Structures are given as C-alpha cells and as structure tokens.
Amino acid sequence: MKRMTMINFMKGSVMKIHRLSRAYRCLSAEGGVRVFSSASGPRVCVVGGGPAGFYTAQQLLKARQDAIVDIYERLPVPFGLVRFGVAPDHPEVKNVINTFTQTAQHERCSFYGNVNVGKDVTIEELRRAYHAVVLSYGAEGNRSMKIPGEDLSGVFSAKDFVGWYNGLPSNKELCPDLSSETAVILGQGNVALDVARILLSPVDMLKETDITQNSLAVLAGSNVRRVLVVGRRGPLQIACTIKEVREMVNLPNTGADMLPSDFEGIAEALKDLPRPRKRLTELMMKAVKEGRDDKDQKCWGFRFFRSPVEVIAGADGRTATGIRLALNKLEGSGEGTRAVPTGQLEDLECGLIISSIGYKSFPIDPTVPFDPRRAIVPNAMGRVQDTTGLYCSGWVKRGPTGVIATTMNDSFDTARVLVQDMEAGEVDLSVNKPGAQAITALLRTRGVRTVLFPQWEKINAEEEKRGKSLGKPREKLLDVDEMLKIAWS
Amino acid sequence: MSACILRVFLQRAAVMRKAAQQTFSQTRMFPQCVTEINTHSRGINTFTSSLRAEEKVAIHFLNRDGKRISVKASIGDSLLDVVVNHDLDIDGFGACEGTLACSTCHLIFEEAVYKKLGPVSDEEMDMLDLAYGLTDTSRLGCQVCLRKELDGMILRVPDVISDARVDSEKESSTAPPKV
C-alpha cells in the first residue's frame with residue numbers, strides 16, 4: 001500500500017516535469033527518460049576499474065540513455081590488467097584504453113580511484129546507495145601448486161612476476177634473481193608465454209616499451225638462456241593461443257628446444273582437429289622440426305606430460321636449484337582428457353621457477369555469495385545468486401580465462417541482462433537513489449580521499465613525461481603515495 | 001587519398017614497427033591494402049588519385065540484431081575505417097584499433113566475395129582463430145580494404161552471444177589466463 005502511494009507520488013512528479021518544459025527539454029537532451037517512475041534515472045555502481053568494469057559501464061551507458069554509472073577502483077590508477085597484466089611488448093592490446101578513457105569521460109560516468117570496496121565501504125552500503133551493483137573486481141590471487149618447496153627463494157608466481165615488470169605497486173620489491181641459466185615456467189597458458197618471452201627478448205626491444213626501468217635493469221643483467229614451459233597434459237590440450245607461440249618462434253637468436261617424443265602420434269590426429277587447434281599444433285610441430293640453430297644463443301621449449309611434485313632446495317636449504325616433475329600419461333579423450341602419473345620422476349636443474357597455473361578471485365565481502373571451489377561469484381548470466389540488484393562480470397563471473405574480447409562480450413552480456421531486469425521491474429527503479437553523493441560523503445567521514453579521472457590524467461601526464469625522456473611511451477609510477485601526491489597536486 | 005593512406009598507415013604503425021623488429025623474413029604483417037595502395041599510386045599522378053578517392057562503393061552490413069546497415073564508403077578505406085567513420089552501431093567493433101591484436105572486427109563474407117579478397121596473413125589467421133563463430137569465409141575488417149570490385153557486397157556481423165558458463169567449463173581448469 002505504501003509502495004503504491006510512493007509510485008503514484010513519483011508519477012505525479014513526472015507529470016510536473018512534463019509541464020516544466022525547460023526541465024523536460026533538459027532531460028530529453030540526455031536521450032529522454034524511458035522509465036517515468038524514476039526522475040533521476042537508474043544509478044549503477046561498478047566495482048573494479050579494469051576491462052570488465054569499463055566494458056560493463058560502456059554498455060550500460062549506451063543501452064540506458066538515463067543511467068548514471070560510477071566505477072570504484074582500489075588503486076589510484078584505472079584499467080586493471082590492461083595496465084598491469086598485458087605484456088609491455090603488446091602495446092596494440094592496450095589501445096582499448098582509448099575506449100575506456102572515452103567511457104570514463106562520458107557525462108554520465110564517474111571514476112572513483114583509491115577506494116577499497118569491502119574495506120573503505122561495504123557492498124551493503126553500495127547496494128543501499130545504488131539501484132544496482134556490478135562486481136567486476138577480477139582475480140587478484142593466484143592458484144598455488146601445493147607442493148613442498150614452493151616457498152623457497154627463486155620461486156615466484158607468474159602473477160607477481162608479471163606485476164613486477166608491469167609496475168604493480170605491490171610487486172615493486174620482487175627483484176628476482178636471474179643469475180641462473182635455466183628458468184622453468186609451470187603452466188602453458190598465455191601468461192606463461194608472456195613471461196618466457198620477456199625473459200628471452202633482447203633488452204633493446206624491451207627498452208622501447210612501457211616496462212619499468214627497475215625490471216629492465218634486472219633483465220639487462222639476466223643470465224637466463226633457456227626457458228622451459230611445463231604442462232601436465234599434451235600438445236593437443238595446450239592452453240595458450242597461437243599468436244603467443246608464433247612470437248616465441250620468431251624471437252631473435254632463440255631456437256626451439258622441444259622433445260620430439262612429446263609429439264608422437266600428433267601428426268595422425270591433426271586432420272580431425274578444428275582449424276584453430278590444428279594451426280596451433282602445426283606451428284608447434286614446425287618449431288620441433290626446425291629445432292635449434294647453432295647460432296642461437298638462447299632457447300625455449302615446451303615440456304609436456306609433466307606435473308611438478310617438489311621444488312628441490314640447494315645446500316643452503318633456502319634457495320631453489322631444481323624441480324622434480326612426475327611424468328604423466330593421458331586418459332580419456334576430448335575436453336575430458338586427464339593427466340595420470342606413470343610413477344616415473346624427472347629432475348630439472350634450474351634456479352628460477354615461475355608458477356603460472358592460473359589466477360584466482362577472492363570473496364570481497366561476507367554478504368556476497370562465493371563459490372570457493374570455482375573461485376567465482378555464483379551467478380546466472382551475471383545475476384548474482386540469491387541477491388537482487390547484485391550482478392557480476394569478467395573474471396569473478398566466469399573464472400580467469402580468455403582473451404580481452406571474451407571479457408568484453410561477457411561484460412556486454414551482464415550489462416544487457418541488467419538493463420532487461422530494469423525494464424522488467426526486477427530491479428526496482430521506483431525510488432531515487434543518492435549514488436556517489438552518499439558514498440563519497442561516507443568515504444570522507446572515514447578519511448578516504450578519492451582519485452577522480454581528471455586526477456588520474458595528471459598521473460598519466462607525469463608518467464608520459466618521464467617515459468619521454470627515456471624513449472618509452474611511459475614510465476609507470478610504482479608507489480601509491482607518489483601517485484596520490486601527483487593526483488592531488 | 002593521401003589522408004586515407006595516412007590513416008591506414010597510422011593504424012598499423014605499431015604492427016609494422018613490430019614487424020620491422022622481427023628478424024625473421026616470414027613475418028609479414030603488411031596488410032595487403034597498404035601495399036596495394038602503394039604500388040597503385042606510384043603509377044598515377046596525384047590529380048587522378050584524388051579523383052579516385054572520391055569513388056565510392058556500396059556495402060551492406062547484416063548486423064547482429066538482423067538489421068541491415070547500408071553505406072557508401074571510399075575506395076581504399078578498410079572495413080574498420082568504414083565502421084568508425086560512419087559511426088555504425090556494432091558493439092565492441094575494433095577494440096585494438098586495427099593493430100591485429102584482437103578479433104572484434106570479425107566479419108563473414110559471401111563465398112564469391114571472399115575469394116576476391118586475396119591471401120590472408122598468418123597473423124590475421126592467428127587472431128581469427130580466436131573469433132567467435134569462425135567460418136571458412138571469415139576475415140578481420142581491419143585487414144580488408146575497399147576496392148571497386150567489392151561494390152555491393154554483403155557482410156554478416158557474427159553473433160557473439162555465448163554461453164559463458166559452458167565456455168568456462170570447457171576450458172582447462174588450470175589454463176592460465178590472459179586479458
């Protein structure tokens with residue numbers, strides 16, 4: 001009954017707007033108000049300023065001409081893994097930043113950096129201030145190998161290693177020891193190949209990218225000449241994509257060091273494969289055949305059918321000097337192919353071990369459902385299970401896989417579902433929500449100061465300036481306090 | 001004409017810089033249209049080439065919603081240029097801005113037209129292999145430039161709606177990710 005009165009009251013207020021022609025024109029200029037029960041339009045909060053957050057916001061702004069979208073980000077800088085994950089020698093991929101910047105500068109979109117959702121403000125508080133909340137906070141953790149010796153010096157997660165060369169503030173002290181000749185990477189996805197490529201690329205090629213100066217200095221003194229990329233299954237199950245393999249094949253002064261025995265029976269299986277898998281396999285077979293040239297000073301190679309069982313410590317008991325691998329055979333077929341240990345073991349000598357077996361999302365807030373087994377927020381097409389008005393997109397929605405187009409499509413899907421729910425009345429738009437006004441006031445009382453998009457642009461300008469003097473597109477700031485100082489200057 | 005060449009060149013500058021760095025001769029990221037325009041303009045004077053730039057061809061896009069979008073576009077422009085310059089409403093098209101680093105400008109051609117387009121580079125095939133709804137007549141819009149013979153062609157924008165749940169279960173649980 002109360003609600004009915006409220007809706008009637010709202011309808012009445014819209015009628016008044018109709019008569020106030022100036023106000024009406026003003027609203028029409030924004031594209032017209034489609035749902036007349038809410039005078040101010042839906043307010044949506046996006047948690048996380050990476051690709052999933054920006055693509056969700058982009059689609060929401062487009063599909064609802066009256067929606068107001070606020071993006072909250074923990075760091076003072078936007079773009080998430082496009083800044084901190086995409087390899088420095090893949091500047092083309094970072095072109096998506098141009099579209100994200102347009103979104104952030106949209107008149108109905110705001111970016112609030114330096115806000116740690118879950119700590120500075122709770123999801124409950126956001127849900128009270130907004131008609132809908134979209135979780136797009138990604139996967140900041142990594143899956144651990146759960147083997148003895150994983151904590152020895154010389155063992156890193158790919159997430160931290162990538163964060164180090166890409167300037168993630170929390171990884172700036174990593175300083176890996178690259179004095180060993182052989183490096184072993186566990187996992188065979190695109191991140192594993194990014195790391196392998198960075199370890200083997202000539203420093204002259206890297207110094208023109210936005211790789212950080214401190215990591216460049218360490219890489220310049222690297223003794224790593226051989227990088228082995230280990231996977232538990234076979235060539236037909238490999239997780240990386242062909243572009244990254246081709247880049248390995250094309251590395252200057254670097255040959256392929258593969259085991260032809262890993263490819264037994266593969267040639268016969270080729271003809272039944274779908275085109276993408278077939279081309280990828282053919283490229284690997286070509287690399288096996290060409291092998292290593294006498295002139296090649298460095299080499300890389302896949303090692304298939306092997307699972308890590310233990311990191312071997314040196315005499316000091318603290319430093320990794322090798323890795324023990326269990327040999328596997330395959331059982332089953334198709335997508336269900338499993339690696340089963342044969343009982344045989346093999347030791348590989350190496351002083352640098354990087355585990356690249358996947359990222360992992362964490363729960364953000366105890367009130368939000370979380371599936372610990374799959375490490376995602378349980379959802380149906382982006383609608384968070386049992387929680388009206390709460391949505392998710394990107395890696396928290398479907399797990400940490402896929403290329404940027406995968407995240408783009410799934411974020412667009414979530415935005416479409418949310419707009420459908422608004423139109424179907426599943427998301428209640430009949431009440432006005434205060435949005436950022438309430439949240440920023442709350443943050444102020446808690447001593448949290450935000451970084452707005454124009455303030456990020458100051459950081460951006462400073463980074464570009466520092467990069468210019470070094471002949472690079474940018475030199476990233478590594479310290480959050482320094483970022484804040486420049487943002488608020 | 002020169003403006004359009006410049007734009008095509010700028011778009012691919014990053015790709016070409018990279019190609020130049022590669023010591024392996026098999027790497028050829030030179031998009032066919034750039035080389036064609038080069039050889040093409042060498043023989044003719046600027047007056048004719050500026051006239052040629054005025055030549056337009058009709059293209060029809062069948063968008064995801066089933067609607068047909070028809071435009072007149074300049075010869076020499078890539079299909080990505082056409083979508084951008086005409087501000088066509090195709091969601092997420094050209095995310096990497098024509099640098100062969102994504103597959104969001106994937107388009108499906110009629111077989112007869114596809115045959116006229118000429119060979120596809122390995123690098124374009126590599127990105128196409130990641131595209132949703134890949135067909136035997138798929139190309140990346142950023143790598144196809146308009147020519148007179150392509151007048152009246154019909155292009156289908158592939159559907160990208162995917163079942164993310166099935167996708168993630170299909171992928172290996174240990175597959176390391178990449179944005």
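Looking at segment A:158-170, which of the residues that are more than 14 Å from chain B (Cβ to nearest Cβ) and crowded, with 22+ Cβ neighbours inside 10 Å is nearest to residue A:310 (Cα to Cα)?
The qualifying residue nearest to residue A:310 (Cα to Cα) is A:164.
Can you work out which of the residues in segment A:338-366 that are hydroxyl-bearing (Ser, Thr, Tyr) and closer than 29 Å to residue A:393 by Cα is surrounded by the most Cβ atoms within 10 Å (Cβ to Cβ)?
My answer is A:356.
Note down all Cβ pairs under 7 Å where the first residue falls in segment A:382-399 and is under 23 Å from residue A:428 (Cα atoms), the second is of a type in the set (Phe, Trp, Tyr), and they're at least six residues apart or on different chains.
These pairs meet every condition: A:382/A:391; A:383/A:391; A:384/A:391.
Taking the options A:454, A:473, name whichever one is over 23 Å from residue A:122 (Cα atoms), assigned by TED's automatic domain parsing to the domain that holds residue A:57 and surrounded by 13 or more Cβ atoms within 10 Å (Cβ to Cβ).
Of A:454, A:473, the one residue that is over 23 Å from residue A:122 (Cα atoms), assigned by TED's automatic domain parsing to the domain that holds residue A:57 and surrounded by 13 or more Cβ atoms within 10 Å (Cβ to Cβ) is A:473.
Within segment A:313-361, take every residue that is within 13 Å of chain B (Cβ to nearest Cβ) and of a type in the set (D, E, K, R) and give me the one that is nearest to residue A:162 (Cα to Cα).
Among those residues, the one meeting the criterion is A:360.
Have a look at A:281, A:254, A:319 and point out the one that is assigned by TED's automatic domain parsing to the domain that holds residue A:184 and in contact with a Ser or Thr (Cβ under 8 Å, 6 or more places away or on another chain). Before the answer, list the steps.
On the way: A:281 fails: in contact with a Ser or Thr (Cβ under 8 Å, 6 or more places away or on another chain); A:254 fails: in contact with a Ser or Thr (Cβ under 8 Å, 6 or more places away or on another chain).
A:319 is the lone residue from the list that is assigned by TED's automatic domain parsing to the domain that holds residue A:184 and in contact with a Ser or Thr (Cβ under 8 Å, 6 or more places away or on another chain).
Identify, by number, the condition in (1) polar (S, T, N, Q); (2) touching a Ser or Thr at 6+ places or on another chain (Cβ under 7 Å); (3) away from chain B (no Cβ under 11 Å) that residue A:180 doesn't meet.
Single failed check for residue A:180: (2).
Does residue A:261 satisfy the condition of being small (Gly, Ala, Ser), away from chain B (no Cβ under 14 Å) and under 30 Å from residue A:473 (Cα atoms)?
Considered against the rule, which asks whether it is small (Gly, Ala, Ser), away from chain B (no Cβ under 14 Å) and under 30 Å from residue A:473 (Cα atoms), residue A:261 comes out as no.
Across segment A:63-115, what is the total count of residues that are in a loop (DSSP other than H, G, I, E, B), within 14 Å of chain B (Cβ to nearest Cβ) and over 18 Å from residue A:47 (Cα atoms)?
9
Based on this model, can you work out whether residue A:403 counts as in the same structural domain as residue A:116 (by TED's automatic domain parsing) and within 21 Å of the chain's Cα centre (by Cα)? Let's see the steps before the verdict.
Numbers: in the same structural domain as residue A:116 (by TED's automatic domain parsing): yes; within 21 Å of the chain's Cα centre (by Cα): yes.
Yes; evaluated as a whole, the condition is true for this residue.
Of all residues being surrounded by 14 or more Cβ atoms within 10 Å (Cβ to Cβ) and within 14 Å of chain A (Cβ to nearest Cβ) in segment B:65-88, which is nearest to the chain's Cα centre (by Cα)? Just the residue, please.
Within segment B:65-88, the subset surrounded by 14 or more Cβ atoms within 10 Å (Cβ to Cβ) is B:69, B:71, B:73-86, B:88.
Within this subset, residues satisfying the condition of being within 14 Å of chain A (Cβ to nearest Cβ) are B:80, B:83-84, B:88.
On the way: B:80: 6, B:83: 10, B:84: 12, B:88: 15 Å.
The selected residue is B:80.
So, in segment A:65-115, of the ones that are over 17 Å from the mean Cα position of the chain (by Cα) and among the charged types (D, E, K, R), which residue ends up surrounded by the fewest Cβ atoms within 10 Å (Cβ to Cβ)?
Looking at the filtered set, the residue picked out is A:107.
Looking only at residues that are more than 22 Å from the chain's Cα centre (by Cα) and among the hydroxyl-bearing types (Ser, Thr, Tyr) in segment A:116-149, which one is nearest to residue A:42 (Cα to Cα)?
Here the answer is A:130.
Tell me, which residue of segment A:214-247 that is touching a strand residue (DSSP E or B) at 6+ places or on another chain (Cβ under 6 Å) and over 30 Å from residue A:337 (Cα atoms) is farthest from the other protein chains (Cβ to nearest Cβ)?
If we take residues in segment A:214-247 being touching a strand residue (DSSP E or B) at 6+ places or on another chain (Cβ under 6 Å) and over 30 Å from residue A:337 (Cα atoms), then A:224 is farthest from the other protein chains (Cβ to nearest Cβ).
Which ones in segment A:100-157 are closer than 30 Å to residue A:306 by Cβ and among the hydrophobic types (A, V, I, L, M, F, W, C)? Even if it seems obvious, please write down each step before you answer.
Within segment A:100-157, the subset closer than 30 Å to residue A:306 by Cβ is A:138-157.
Across segment A:100-157, the qualifying residues are A:139, A:145, A:147, A:152, A:155, A:156.
Report whether or not residue A:121 is within 23 Å of residue A:251 (Cβ to Cβ) and either away from chain B (no Cβ under 14 Å) or β-branched (Val, Ile, Thr) (or both).
Considered against the rule, which asks whether it is within 23 Å of residue A:251 (Cβ to Cβ) and either away from chain B (no Cβ under 14 Å) or β-branched (Val, Ile, Thr) (or both), residue A:121 comes out as no.
If you go through segment A:396-405 one residue at a time, do you hit one that is among the β-branched types (Val, Ile, Thr), buried (at least 23 other Cβ atoms within 10 Å of the Cβ), part of a strand (DSSP E or B) and more than 9 Å from chain B (Cβ to nearest Cβ)?
Checking segment A:396-405: not a single residue is among the β-branched types (Val, Ile, Thr), buried (at least 23 other Cβ atoms within 10 Å of the Cβ), part of a strand (DSSP E or B) and more than 9 Å from chain B (Cβ to nearest Cβ).
What residue, of B:142, B:102, is buried (at least 23 other Cβ atoms within 10 Å of the Cβ), touching a helix residue (DSSP H, G or I) at 6+ places or on another chain (Cβ under 6 Å) and modelled with pLDDT under 95? Steps first, please.
Values: B:142 fails: modelled with pLDDT under 95.
So the residue among B:142, B:102 that is buried (at least 23 other Cβ atoms within 10 Å of the Cβ), touching a helix residue (DSSP H, G or I) at 6+ places or on another chain (Cβ under 6 Å) and modelled with pLDDT under 95 is B:102.
Would you check if there is a residue in segment A:188-206 being modelled with pLDDT under 95 and not assigned by TED's automatic domain parsing to the domain that holds residue A:472? Write out each step before concluding.
Our first condition is that a residue be modelled with pLDDT under 95; within segment A:188-206, this holds for none.
No: zero hits.
If you take the residues in segment B:90-128 that are touching a strand residue (DSSP E or B) at 6+ places or on another chain (Cβ under 8 Å) and within 11 Å of another protein chain (Cβ to nearest Cβ), which one is farthest from residue A:59 (Cα to Cα)?
Filtering segment B:90-128 down to residues touching a strand residue (DSSP E or B) at 6+ places or on another chain (Cβ under 8 Å) leaves B:90, B:98, B:100, B:103, B:105-110, B:113-114, B:117, B:120, B:124, B:127-128.
The next check asks that each one be within 11 Å of another protein chain (Cβ to nearest Cβ); those that pass are B:98, B:100, B:103, B:105-106, B:124, B:127-128.
Working: B:98: 21, B:100: 23, B:103: 19, B:105: 17, B:106: 19, B:124: 27, B:127: 24, B:128: 24 Å.
By that ranking, first place goes to B:124.
The values are calculated or read from the model by the stated rules, or taken from the named source; none is laboratory data. Keep in mind it's a predicted model, so treat the numbers as computed, not measured. In this analysis, Cβ positions are derived from the backbone assuming ideal geometry, glycine residues included, and neighbour counts consider all displayed protein chains.
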